[in-house]
Amino acid sequence: MGVYEYFEPNELVKRKSDVRGDCVIRAMCKVFNKKWLEVFDELVVIARELQELPNAKIVWKDYLKEKNVTYVPIKVKKGTKRPTVKSFAQTHKEGTYILSVAHHVVAVKDGKYYDSWDSGNCSLYSYWIVKGNQKEEQKKEIDKILQEEHISPAELLNKLKRNKVMI
């Protein structure tokens, strides 16, 4: 079983040969479990503020700053090779990551990399660790609170606010 899996969340793409410059949106869709248009719309807001295109590095880096991610630069000693997308996926069997390679962004989730083409040989320059899907974390927090006995709706709202759970 390989570590590459074809992934194209854009519903208008009908064939694998349809090439789009939407790697940023594609990767964000995968790691944040969102629809293509949802990510596009979120990026457009930032792009408009910065007067840039949605896939510009400054835009998607600002987008990631709003998320629960940790930036990790890749430092290599002179004369050594950078890790590749494929080697990174093979050594990161658990977790969710966004990888930055030359002029491209790739999603890695639980040991597989997801893209519209096999970008496994691309050299890695940096990556972001996605700490978990915010909606999943919020649902877990709400479920935990609801399991407590004899809680009123007002008490529930107060606990959610104290735990910074957006509703």
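The values are calculated or read from the model by the stated rules, or taken from the named source; none is laboratory data. Being a predicted model, the structure only gives us computed values, none of them experimental. Virtual Cβ from ideal backbone geometry, glycine too; neighbours counted across all protein chains shown.
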Checking D18, D41 in turn, the sole residue that is modelled with pLDDT under 95 and either surrounded by fewer than 18 Cβ atoms within 10 Å (Cβ to Cβ) or of a type in the set (A, V, I, L, M, F, W, C) (or both) turns out to be D18
| query | Does any residue of the range 50-57 turn out to be under 22 Å from K131 (Cα atoms), within 19 Å of the chain's Cα centre (by Cα) and in the same structural domain as S116 (by TED's automatic domain parsing)? | reply | yes
Flagged in the range 51-67 as over 17 Å from V101 (Cα atoms) and surrounded by 13 or more Cβ atoms within 10 Å (Cβ to Cβ), in numbering order, are E52, L53, P54, D62, Y63, K67
Those residues of the range 83-126 which are part of a helix (DSSP H, G or I) and among the aromatic types (F, W, Y) amount to F88
If we keep only residues of the range 83-108 that are loosely packed, with under 15 Cβ neighbours inside 10 Å and out of contact with any Asp or Glu (no Cβ under 8 Å at 6 or more places or on another chain), then the residue nearest to E5 (Cα to Cα) is T91
Residue set V24, V45; condition assigned by TED's automatic domain parsing to the domain that holds S119 and touching a Phe, Trp or Tyr at 6+ places or on another chain (Cβ under 8 Å); output residue V24
Residues of the range 113-123 being closer than 10 Å to K86 by Cβ and not polar (S, T, N, Q), in sequence order, are Y113, D118, G120, C122
Among helices (runs of 4 or more DSSP H) completely within the range 1-66, the ones holding 2 or more residues that are of a type in the set (A, V, I, L, M, F, W, C) and touching a residue at least 24 places away in the same chain (Cβ under 8 Å) are 23-32, 57-65
